[in-house]
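Structure record follows, encoded as C-alpha coordinates.
The values are calculated or read from the model by the stated rules, or taken from the named source; none is laboratory data. This one's a predicted model, so the numbers in the text were calculated from it and none came from an experiment. FYI the Cβ positions are ideal-geometry reconstructions off the backbone, even for glycines, and counts take in every protein chain you see. Please note that ligands, DNA and RNA were not included when accessible areas were found on the heavy atoms of the full protein model with its side chains. Shrake-Rupley method; radii C 1.70, N 1.55, O 1.52, S 1.80 Å.
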Amino acid sequence: MKILVISDIHANITALEAVLNAAGENDAVWCLGDIVGYGADLNECVERVQSLPNLLCVKGNHDHAISNIESLVEFNITASEAIMLSRKLISDRSIAFLQALPELVTTDLVTLAHGSPRNPIWEYILDNHVAVENLTNFSTQLAFVGHSHLPLMFTNVDGGKHMSRQYPVPGETMRITGRTILNPGSVGQPRDNDSRSSFGIFDPDAMTWQIQRVKYDISAVQARIRGAGLPEKNARRLREGW
Ligand code: ZN
(Lines give C-alpha, C1' and ligand atoms only; values in the text may rest on other atoms or scores of the structure.)
Protein backbone atom coordinates (compact mmCIF):
# COMPACT_ATOMS: atom_id res chain seq x y z
CA MET A 1 0.00 0.00 0.00
CA LYS A 2 1.42 3.33 -1.06
CA ILE A 3 -0.11 6.64 -0.02
CA LEU A 4 1.13 9.92 -1.39
CA VAL A 5 0.95 12.70 1.22
CA ILE A 6 1.06 16.28 -0.06
CA SER A 7 0.50 19.70 1.45
CA ASP A 8 0.74 23.43 0.76
CA ILE A 9 0.54 23.29 -3.02
CA HIS A 10 -0.23 27.02 -3.05
CA ALA A 11 -1.53 27.32 -6.60
CA ASN A 12 1.69 26.01 -8.14
CA ILE A 13 0.58 23.52 -10.80
CA THR A 14 4.12 23.01 -12.17
CA ALA A 15 5.33 21.81 -8.78
CA LEU A 16 2.25 19.64 -8.29
CA GLU A 17 2.73 17.92 -11.66
CA ALA A 18 6.44 17.37 -10.88
CA VAL A 19 5.49 15.71 -7.58
CA LEU A 20 2.82 13.50 -9.17
CA ASN A 21 5.31 12.44 -11.84
CA ALA A 22 8.02 11.66 -9.31
CA ALA A 23 5.63 9.79 -7.00
CA GLY A 24 4.31 7.50 -9.74
CA GLU A 25 1.33 5.21 -9.06
CA ASN A 26 -0.38 5.54 -5.67
CA ASP A 27 -3.23 3.70 -3.94
CA ALA A 28 -4.43 6.92 -2.37
CA VAL A 29 -3.54 10.59 -1.99
CA TRP A 30 -3.87 12.62 1.20
CA CYS A 31 -3.79 16.39 0.79
CA LEU A 32 -3.24 18.47 3.93
CA GLY A 33 -4.59 21.80 2.70
CA ASP A 34 -3.55 25.15 1.24
CA ILE A 35 -4.20 24.09 -2.33
CA VAL A 36 -4.43 27.81 -3.16
CA GLY A 37 -2.87 31.10 -2.02
CA TYR A 38 0.40 32.84 -3.09
CA GLY A 39 0.44 31.35 -6.61
CA ALA A 40 -1.44 31.96 -9.87
CA ASP A 41 -2.67 28.47 -10.80
CA LEU A 42 -5.67 28.23 -8.48
CA ASN A 43 -8.23 26.42 -10.63
CA GLU A 44 -5.62 24.12 -12.21
CA CYS A 45 -4.51 22.95 -8.77
CA VAL A 46 -8.03 22.48 -7.38
CA GLU A 47 -9.06 20.46 -10.44
CA ARG A 48 -5.88 18.34 -10.39
CA VAL A 49 -6.28 17.55 -6.69
CA GLN A 50 -9.91 16.54 -7.26
CA SER A 51 -8.77 14.08 -9.94
CA LEU A 52 -6.41 12.17 -7.61
CA PRO A 53 -7.19 8.56 -6.59
CA ASN A 54 -8.93 7.84 -3.24
CA LEU A 55 -8.42 11.44 -2.18
CA LEU A 56 -8.71 12.61 1.41
CA CYS A 57 -8.27 16.37 1.73
CA VAL A 58 -8.55 18.92 4.53
CA LYS A 59 -8.92 22.71 4.48
CA GLY A 60 -5.97 25.06 4.98
CA ASN A 61 -5.95 28.65 6.19
CA HIS A 62 -5.51 29.97 2.63
CA ASP A 63 -8.28 27.72 1.30
CA HIS A 64 -10.46 29.13 4.08
CA ALA A 65 -9.48 32.76 3.40
CA ILE A 66 -10.00 32.64 -0.35
CA SER A 67 -13.32 30.80 -0.17
CA ASN A 68 -14.81 32.85 2.70
CA ILE A 69 -15.46 36.53 2.19
CA GLU A 70 -15.45 37.38 5.92
CA SER A 71 -12.06 35.88 6.72
CA LEU A 72 -9.74 38.76 5.70
CA VAL A 73 -9.41 40.15 9.22
CA GLU A 74 -7.16 37.22 10.07
CA PHE A 75 -4.47 38.25 7.57
CA ASN A 76 -2.13 41.27 7.32
CA ILE A 77 -2.56 43.95 4.60
CA THR A 78 -0.22 42.44 1.97
CA ALA A 79 -1.72 39.02 2.44
CA SER A 80 -5.22 40.50 2.24
CA GLU A 81 -4.44 42.17 -1.10
CA ALA A 82 -3.13 38.90 -2.50
CA ILE A 83 -6.24 37.12 -1.27
CA MET A 84 -8.50 39.71 -2.95
CA LEU A 85 -6.60 39.15 -6.21
CA SER A 86 -6.76 35.37 -5.77
CA ARG A 87 -10.52 35.66 -5.49
CA LYS A 88 -10.61 37.28 -8.93
CA LEU A 89 -8.64 34.35 -10.37
CA ILE A 90 -10.66 31.52 -8.86
CA SER A 91 -13.80 29.96 -10.33
CA ASP A 92 -17.08 29.43 -8.48
CA ARG A 93 -16.58 25.68 -8.86
CA SER A 94 -13.18 25.81 -7.16
CA ILE A 95 -14.61 27.98 -4.37
CA ALA A 96 -17.38 25.46 -3.79
CA PHE A 97 -14.84 22.64 -3.52
CA LEU A 98 -12.68 24.56 -1.02
CA GLN A 99 -15.66 25.63 1.09
CA ALA A 100 -16.82 22.03 1.40
CA LEU A 101 -13.47 20.70 2.63
CA PRO A 102 -13.48 19.37 6.22
CA GLU A 103 -11.05 20.77 8.79
CA LEU A 104 -10.21 17.32 10.15
CA VAL A 105 -10.33 13.83 8.65
CA THR A 106 -9.99 10.77 10.88
CA THR A 107 -9.57 7.14 9.82
CA ASP A 108 -8.81 4.08 11.99
CA LEU A 109 -5.11 4.85 11.85
CA VAL A 110 -4.63 8.53 11.12
CA THR A 111 -5.87 12.06 11.72
CA LEU A 112 -5.33 14.62 8.97
CA ALA A 113 -5.24 18.37 9.65
CA HIS A 114 -3.66 21.37 7.98
CA GLY A 115 -2.22 23.03 11.09
CA SER A 116 -2.73 20.74 14.08
CA PRO A 117 -5.36 18.40 15.52
CA ARG A 118 -6.01 20.97 18.29
CA ASN A 119 -6.49 23.96 15.99
CA PRO A 120 -6.83 22.47 12.50
CA ILE A 121 -6.65 25.60 10.39
CA TRP A 122 -4.22 27.87 12.23
CA GLU A 123 -1.80 26.22 14.70
CA TYR A 124 1.79 25.45 13.66
CA ILE A 125 3.50 22.36 15.07
CA LEU A 126 7.13 23.44 15.03
CA ASP A 127 8.49 22.32 18.40
CA ASN A 128 8.31 19.34 20.72
CA HIS A 129 6.25 21.20 23.31
CA VAL A 130 3.35 21.95 20.94
CA ALA A 131 3.61 18.42 19.54
CA VAL A 132 3.19 16.91 23.04
CA GLU A 133 0.23 19.19 23.82
CA ASN A 134 -1.49 18.01 20.64
CA LEU A 135 -1.27 14.33 21.59
CA THR A 136 -4.43 14.71 23.67
CA ASN A 137 -6.32 16.19 20.70
CA PHE A 138 -6.29 13.09 18.51
CA SER A 139 -6.95 9.45 19.34
CA THR A 140 -5.34 7.77 16.32
CA GLN A 141 -1.76 6.53 16.36
CA LEU A 142 -0.67 9.02 13.71
CA ALA A 143 -1.42 12.58 12.72
CA PHE A 144 -0.39 14.18 9.43
CA VAL A 145 -0.14 17.98 9.29
CA GLY A 146 1.17 20.68 6.96
CA HIS A 147 1.12 24.51 7.36
CA SER A 148 4.78 25.05 8.39
CA HIS A 149 6.05 24.08 4.92
CA LEU A 150 8.80 22.08 6.67
CA PRO A 151 9.23 18.29 6.41
CA LEU A 152 9.19 17.36 10.11
CA MET A 153 8.57 14.21 12.13
CA PHE A 154 7.69 14.20 15.84
CA THR A 155 8.14 10.82 17.47
CA ASN A 156 6.70 9.82 20.80
CA VAL A 157 9.22 9.06 23.55
CA ASP A 158 8.76 8.24 27.25
CA GLY A 159 5.23 6.94 26.74
CA GLY A 160 3.85 10.22 25.48
CA LYS A 161 5.45 12.64 27.91
CA HIS A 162 7.90 13.87 25.30
CA MET A 163 8.15 14.15 21.55
CA SER A 164 11.39 14.12 19.61
CA ARG A 165 11.64 16.26 16.48
CA GLN A 166 13.48 15.00 13.42
CA TYR A 167 14.12 16.41 9.94
CA PRO A 168 13.80 13.35 7.69
CA VAL A 169 16.55 13.03 5.09
CA PRO A 170 15.08 12.92 1.56
CA GLY A 171 15.12 9.41 0.14
CA GLU A 172 15.64 7.77 3.53
CA THR A 173 12.95 5.31 4.64
CA MET A 174 11.94 5.83 8.28
CA ARG A 175 10.16 3.29 10.48
CA ILE A 176 7.17 4.64 12.36
CA THR A 177 6.76 3.38 15.91
CA GLY A 178 4.38 4.70 18.54
CA ARG A 179 2.40 7.88 18.23
CA THR A 180 3.86 10.16 15.59
CA ILE A 181 3.10 13.50 13.93
CA LEU A 182 4.32 13.75 10.35
CA ASN A 183 4.63 16.73 8.01
CA PRO A 184 5.44 16.11 4.32
CA GLY A 185 6.75 19.66 3.70
CA SER A 186 5.38 21.87 0.93
CA VAL A 187 4.76 21.05 -2.71
CA GLY A 188 4.48 24.59 -4.01
CA GLN A 189 6.44 26.80 -1.60
CA PRO A 190 9.14 24.98 0.43
CA ARG A 191 10.56 27.04 3.32
CA ASP A 192 13.62 25.07 4.37
CA ASN A 193 16.06 26.79 1.99
CA ASP A 194 15.66 23.95 -0.48
CA SER A 195 13.64 25.09 -3.48
CA ARG A 196 12.69 21.57 -4.52
CA SER A 197 9.09 20.40 -3.98
CA SER A 198 8.65 18.21 -0.93
CA PHE A 199 6.24 15.30 -0.45
CA GLY A 200 5.92 12.11 1.59
CA ILE A 201 5.22 8.46 0.83
CA PHE A 202 3.45 6.56 3.62
CA ASP A 203 3.16 2.77 3.66
CA PRO A 204 0.61 1.77 6.35
CA ASP A 205 1.40 -1.97 6.01
CA ALA A 206 5.15 -1.61 6.54
CA MET A 207 4.60 1.50 8.72
CA THR A 208 7.25 3.45 6.87
CA TRP A 209 7.58 7.07 5.83
CA GLN A 210 9.84 8.61 3.24
CA ILE A 211 10.30 12.26 2.27
CA GLN A 212 11.19 12.90 -1.35
CA ARG A 213 12.22 16.11 -3.11
CA VAL A 214 11.88 16.99 -6.78
CA LYS A 215 12.96 19.93 -8.94
CA TYR A 216 10.47 21.85 -11.06
CA ASP A 217 10.55 24.76 -13.51
CA ILE A 218 10.57 27.67 -11.05
CA SER A 219 10.99 30.36 -13.75
CA ALA A 220 7.73 29.36 -15.43
CA VAL A 221 5.85 29.59 -12.14
CA GLN A 222 7.42 32.97 -11.31
CA ALA A 223 6.39 34.31 -14.74
CA ARG A 224 2.76 33.36 -14.12
CA ILE A 225 2.78 34.92 -10.60
CA ARG A 226 4.14 38.19 -12.03
CA GLY A 227 1.77 38.03 -14.99
CA ALA A 228 -1.20 37.72 -12.64
CA GLY A 229 -0.08 40.82 -10.71
CA LEU A 230 0.47 38.90 -7.46
CA PRO A 231 3.11 40.26 -5.01
CA GLU A 232 6.72 40.03 -6.29
CA LYS A 233 7.71 38.37 -2.99
CA ASN A 234 5.51 35.38 -3.89
CA ALA A 235 7.64 34.81 -6.99
CA ARG A 236 11.05 35.62 -5.50
CA ARG A 237 10.87 33.29 -2.50
CA LEU A 238 10.42 30.20 -4.66
CA ARG A 239 13.99 30.36 -5.98
CA GLU A 240 15.60 30.19 -2.53
CA GLY A 241 12.93 28.19 -0.78
CA TRP A 242 11.72 30.48 2.03
ZN1 ZN B 1 0.68 27.10 3.51
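Residues in region 53-68 that are in a helix (DSSP H, G or I) and within 14 Å of the ligand (Cβ to nearest atom): N61, H62, D63, H64, A65, I66.
Determine whether S116 is of a type outside the set (A, V, I, L, M, F, W, C), within 16 Å of the ligand (Cβ to nearest atom) and modelled with pLDDT of 95 or more. Considered against the rule, which asks whether it is of a type outside the set (A, V, I, L, M, F, W, C), within 16 Å of the ligand (Cβ to nearest atom) and modelled with pLDDT of 95 or more, S116 comes out as yes. Might you let me know whether region 150-166 holds any residue that is within 15 Å of H114 (Cα to Cα) and open to solvent by 30 Å² or more (accessible area, probe 1.4 Å)? Checked region 150-166: at least one residue is within 15 Å of H114 (Cα to Cα) and open to solvent by 30 Å² or more (accessible area, probe 1.4 Å).
Residue check: is N193 in a loop (DSSP other than H, G, I, E, B), closer than 20 Å to Q212 by Cα, open to solvent by 10 Å² or more (accessible area, probe 1.4 Å) and in contact with a helix residue (DSSP H, G or I) (Cβ under 9 Å, 6 or more places away or on another chain)? Yes, satisfied. Residue count for region 2-14 under the criterion of being within 24 Å of A143 (Cβ to Cβ) and within 16 Å of the ligand (Cβ to nearest atom): the result is 6. The conditions of being open to solvent by less than 40 Å² (accessible area, probe 1.4 Å), in contact (Cβ under 8 Å) with a residue 40 or more places away in the chain, among the β-branched types (V, I, T) and part of a loop (DSSP other than H, G, I, E, B) are met by V187. Looking at region 97-107, is at least one residue among the β-branched types (V, I, T), touching a residue at least 40 places away in the same chain (Cβ under 8 Å) and within 16 Å of the ligand (Cβ to nearest atom)? Looking for residues that are among the β-branched types (V, I, T), touching a residue at least 40 places away in the same chain (Cβ under 8 Å) and within 16 Å of the ligand (Cβ to nearest atom), one finds none in region 97-107, hence no.
So, in region 21-52, of the ones that are assigned to a loop (DSSP other than H, G, I, E, B) and more than 16 Å from the ligand (Cβ to nearest atom), which residue ends up most open to solvent (accessible area, probe 1.4 Å)?
Going through the qualifying residues, I end up with E25.
Restricting P170, P117 to those that are open to solvent by 40 Å² or more (accessible area, probe 1.4 Å) and part of a loop (DSSP other than H, G, I, E, B) reduces the list to P170. N76 meets all of the listed conditions (1) open to solvent by less than 80 Å² (accessible area, probe 1.4 Å); (2) modelled with pLDDT under 95 but one, namely (1).
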